[in-house]
Amino acid sequence: MKLNSTVLLTLSLLTLMLGAGSVSAFLGFDVGSKALKGVTAPDARPTSKFASGKANNQQHGGLTLLKEEEILKIVKSRIDGKVKAAKSKQSEDEDEETSSSEKKAEEKKPQEVAEEKPRPGFPISSENGKVTLSVQSARYSGGALLLKVKMQNKGADSVHFLYSFLDVTDDKGRTLSASADGLPAELPANGPTFSGTVSIPTALLDDVKRISLALTDYPAQKLRLEVSNIPVEK
């Protein structure tokens, strides 16, 4: 009787253990299934990866290659644009330079007119044998005294001059260095009026108030033209 009770108790324990194990296994399987829900195995096929990658590249707007003709057209249009821009800039610069030169010329004209305005006492003339030498004006410019001179021959014979023989003296009797420009070597008979300039360095005129010019014909030296008391005071 005692042996039967022990066997029955043992069978009951085994039954409970089996039941508990079954319940635990079921619960574990259920939890694991829920945890792995939505997880899929990776696709190891190369063709699938290539197709997938190609699809992704198409979705993101993949690289498109231009034809050689299109590239050349683009490059040519850019070069033409730069050349036109450079020519336009050069044209603008030339227009600005021309405008600036014109403005400077316009600004300079009134000044030149003012410099050419005769001083009181001009013109001063000398005549000999129907040949006339006259000093029209005197002005200082560029480190020199500039005398505007006119000459005319109303005689019947032509007259020759050598302006290296031009004699210039100050009011103290000192000889001054001078140069003539624009005056003719020959005054024709009954000819027109000729204009020129006699230039004297300013450094020689610091304490000078008046100067005189004297010129003889060459080589005959038959006539002498002399203009005296030309005012040059600054």
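List the pairs whose first member sits in the range 1-27 and is of a type outside the set (G, A, S), whose second member is in a helix (DSSP H, G or I) and at pLDDT 75 or above, and whose Cβ atoms are under 9 Å apart, counting only residues at least 6 apart or on separate chains?
Going by the 9 Å Cβ cut-off, there are no qualifying pairs.
How about the range 119-154: which of its residues are in a strand (DSSP E or B), under 49 Å from the mean Cα position of the chain (by Cα) and not small (G, A, S)?
Filtering the range 119-154 down to residues in a strand (DSSP E or B) leaves 124-128, 131-141, 144-153.
With under 49 Å from the mean Cα position of the chain (by Cα) added as a condition, the list becomes 134-141, 144-151.
Answer for the range 119-154, where residues must be in a strand (DSSP E or B), under 49 Å from the mean Cα position of the chain (by Cα) and not small (G, A, S): V135, Q136, R139, Y140, L145, L146, L147, K148, V149, K150, M151.
When you scan the range 178-234, how many residues do you find that are in a strand (DSSP E or B), basic (K, R) and over 51 Å from the mean Cα position of the chain (by Cα)? Full working, then the answer.
Of the residues in the range 178-234, the ones in a strand (DSSP E or B) are 179-181, 186-187, 194-201, 210-217, 224-231.
Checking the rest, the ones that are also basic (K, R) come to 210, 224.
This time we only want the ones that are over 51 Å from the mean Cα position of the chain (by Cα), so: 224.
Going through the range 178-234 one residue at a time, the tally reaches 1.
Which ones in the range 3-52 are at pLDDT below 55 and in a helix (DSSP H, G or I)?
Those that are at pLDDT below 55 and in a helix (DSSP H, G or I): P46, T47, S48, K49, F50, A51, S52.
With the structure loaded, tell me whether A178 is surrounded by 18 or more Cβ atoms within 10 Å (Cβ to Cβ) and either modelled with pLDDT under 95 or charged (D, E, K, R) (or both) or whether it fails that test. Talk me through it step by step, then tell me what you get.
Details: surrounded by 18 or more Cβ atoms within 10 Å (Cβ to Cβ): yes; either modelled with pLDDT under 95 or charged (D, E, K, R) (or both): yes.
For A178, the condition - surrounded by 18 or more Cβ atoms within 10 Å (Cβ to Cβ) and either modelled with pLDDT under 95 or charged (D, E, K, R) (or both) - is met.
Report yes if some residue within the range 183-190 is within 15 Å of K130 (Cβ to Cβ), among the hydrophobic types (A, V, I, L, M, F, W, C) and without any contact (Cβ under 8 Å) to a residue 60 or more places away in the chain; otherwise report no.
Taking every residue of the range 183-190 in turn, at least one turns out to be within 15 Å of K130 (Cβ to Cβ), among the hydrophobic types (A, V, I, L, M, F, W, C) and without any contact (Cβ under 8 Å) to a residue 60 or more places away in the chain.
Out of all the residues in the range 97-120, is one or more farther than 19 Å from L205 by Cα, among the small types (G, A, S) and modelled with pLDDT of 70 or more?
The answer is no, given that none of the residues of the range 97-120 is farther than 19 Å from L205 by Cα, among the small types (G, A, S) and modelled with pLDDT of 70 or more.
The values are calculated or read from the model by the stated rules, or taken from the named source; none is laboratory data. Owing to the predicted nature of the structure, the values given are computational and were not obtained by experimental measurement. In this analysis, Cβ positions are derived from the backbone assuming ideal geometry, glycine residues included, and neighbour counts consider all displayed protein chains.
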